[in-house]
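Colleague: Attaching a single structure in structure tokens format; questions to follow.
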């Protein structure tokens, strides 16, 4: 069995943004030498997601609006905390902890013939919900 | 280490439907000869999900209604695009890209003693959100 | 390749609750002797979740309120079933089957140097949505 482990550092200059990490994951899989196996890609922080969907800026803007509707940054019930108990701890990122549950923590992708085994439109993204700081993504390859 | 890789082709004749793929995954695991390991089952298309829940038609109808409430096909803000920027590309499936995030892309299931290691009511389904076309599901087994 | 398989029994005395299973998963990974690999942790029941997020009671209360908004126990359209078709089967847990889709069935975590490879705030939880009964969680380690 072979394994390969790499942490990718991210520093997104906005509070929220969707960033492609597809090529980085491809590179790590290629460097691993694994022909047949699995790769796990997960956010290492609990206010961010890794997900697979379309590389289309309109859709990404749609996600932004939709997530803000489902779980607003400040639902307006309290000017300070937005009504979130979590924000009484001095944080202002309760919404980010919720949004990440919708979009997911991780993806697991098959490796076949040394390549990511993906459908034609599958693209790997990092979704930052509480940015302007350094955060990490973990890529773990296992197989042979 | 043993691996087994198979793509299942689906062609759902409705726009949206929930289809059992449980027996197909069981068959592939059995054919793999893997006694102890993991199987990844994922939609290869970004407007479909693979998920595990109850084999009960009432619940499936409840999901349909709930997902349509959370992210309508056309929220009515524009007769053409429903207000989705994604639909300005000529697509009409923005809602499908959202619904799949709620229901998830993939499941990872343990294999123990050569069998899917599942609880009593766990059943594997494919959820099509933009059907009437051929799509694929990937099943990847690793273990020994 | 090494594997380790263990089922954890839970009996949550409330209908809904979030319970840390972090130390149990750490223990199983440690006992497996796997230095490099993956661990799958999944609910074996379809009205419960395993997820990774913050160990902060305010956030957990926020999740409770938010999930109840997104998919109420009884949306009030019918005193008996809440309007859920699933509840016509005699069950009263349709909401639980929905909430578990938001929070997820499973997590897959990397193992590196014999340890769970997690970010600083990642903590593993079980989320019970229909408790007061015995249920199981599956932990499956593979690697070497």
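Colleague: What is the mean number of Cβ atoms from other protein chains located within 10 Å of the Cβ atom of each residue in peptide A:96-109, rounded to a whole number? Write down the numbers at each step before the final one.
Modeller: Details: counts 0, 7, 8, 0, 3, 10, 7, 2, 7, 8, 9, 6, 12, 6.
Partner-chain Cβ atoms within 10 Å, mean over residues of A:96-109: 6.
Colleague: Please report the equivalent ellipsoid semi-axes of the stretch A:1-123, computed as sqrt(5 x eigenvalue) of the Cα gyration tensor, largest first, in whole Å. Intermediate results must be reported in sequence, preceding the final value.
Modeller: Working: eigenvalues 223, 51, 24 Å².
Here the semi-axes work out to 33, 16, 11 Å.
Colleague: Separate question: Given a cut-off of 43 Å, what percent of all Cα-Cα pairs of the protein assembly as shown lie beyond it?
Modeller: Working: 5662 of 93096 pairs.
Tail of the P(r) past 43 Å holds 6 percent of the pairs.
Colleague: With each pseudo-label sitting 7 Å past Cα toward Cβ, what's the residue C:17-residue B:23 distance in nm, one decimal?
Modeller: Going from the residue C:17 label point to the residue B:23 one covers 4.1 nm.
Colleague: Let me ask you something else. So what's the angle, to the nearest 10 degrees on a 0 to 90 scale, between helix A:57-70 and the longest Cα principal axis of chain A?
Modeller: Taking Cα atoms only, the helix is inclined about 50 degrees.
Colleague: Something else now. How do B:36-44, B:16-24 rank on mean C-beta neighbours within 10 Å, highest first?
Modeller: On the way: B:36-44: 24.2, B:16-24: 15.9.
Listed from highest to lowest mean packing, they are B:36-44, B:16-24.
Colleague: For residue A:116, go 7 angstrom from Cα along the Cα-to-Cβ vector, then report the distances to that same point in the other copies in nm, smallest first.
Modeller: 2.7, 2.7
Colleague: Another question about this same structure. Report the FRET efficiency, 1/(1 + (r/R0)^6), for residue C:61 and residue B:89, where r is their Cβ-Cβ distance and R0 is 45 Å, rounded to 0.05. Intermediate results must be reported in sequence, preceding the final value.
Modeller: On the way: r = 41 Å, r/R0 = 0.90.
Once the sixth-power term is evaluated, E becomes 0.65.
Colleague: Here is a follow-up. Let me have the 222 nm mean residue ellipticity of chain C computed from DSSP H runs of 4+ only, each contributing -39500 (n - 2.57), with the sum over all residues rounded to the nearest 500.
Modeller: Calculated from helices alone, the mean residue ellipticity at 222 nm is -7500 deg cm²/dmol.
Colleague: While we're here: Using a label point 7 Å beyond Cα on the Cα-Cβ vector, give me the inter-copy distances for residue B:9 in nanometres, one decimal, shortest first.
Modeller: 4.8, 4.8
Colleague: Still on this structure, please answer the following. Relative to the longest principal axis of chain C, what angle (0 to 90°, nearest 10) does the C-alpha long axis of helix C:94-103 take?
Modeller: 40
Colleague: What does the copy distance list look like for residue A:69, label position 7 Å along Cα→Cβ, in nm and ordered from shortest?
Modeller: With the label placed 7 Å along Cα→Cβ, residue A:69 yields 1.4, 1.4 nm.
Colleague: Moving to a separate point now. Enter the angle in degrees (range 0 to 90, nearest 10) between the Cα long axis of helix A:22-32 and the first principal axis of the Cα atoms of chain A, meaning the one along which they spread out most.
Modeller: 40
Colleague: Take the Cβ-Cβ distance between residue B:80 and residue C:113 as r, set R0 to 41 Å, and report the resulting FRET efficiency rounded to the nearest 0.05. Before the final figure, lay out each step's value.
Modeller: Values: r = 55 Å, r/R0 = 1.34.
It comes to 0.15.
Colleague: Quick one: which of A:81-90, C:122-131, B:94-103, B:67-76 comes out on top by average Cβ neighbours within 10 Å, and what's the full order, highest first? List each step's numbers first, then the result.
Modeller: Numbers: A:81-90: 18.3, C:122-131: 22.5, B:94-103: 24.3, B:67-76: 16.2.
Packing order, densest peptide first, comes out as B:94-103, C:122-131, A:81-90, B:67-76.
Colleague: Same structure, new question: Counting only other chains, and only Cβ atoms inside 10 Å, what mean value do you get across the residues of A:35-46?
Modeller: Values: counts 1, 7, 4, 10, 1, 7, 1, 9, 3, 8, 4, 13.
Across the residues of A:35-46, the mean count of other-chain Cβ atoms within 10 Å is 6.
Colleague: Sticking with this structure for a sec: What does the convex hull of the Cα atoms come to per residue for the stretch B:32-75, in Å³? Each step should come with its number before you reach the end.
Modeller: On the way: hull volume 5.1 nm³, N = 44.
Per-residue hull volume (Cα only) is 116 Å³.
Colleague: Gap in Å between the Cα centre of the stretch B:1-64 and the Cα centre of the stretch B:89-138?
Modeller: Taking the Cα centre of each part, the stretch B:89-138 and the stretch B:1-64 sit 6 Å apart.
Bear in mind these aren't lab numbers, they're just calculated from the coordinates by the rules spelled out. Since the structure is predicted, the reported quantities are computational estimates derived from the model, not experimental observations. Quick reminder, even Gly has a Cβ in these numbers, built from the backbone with ideal geometry, and neighbours come from all protein chains shown.
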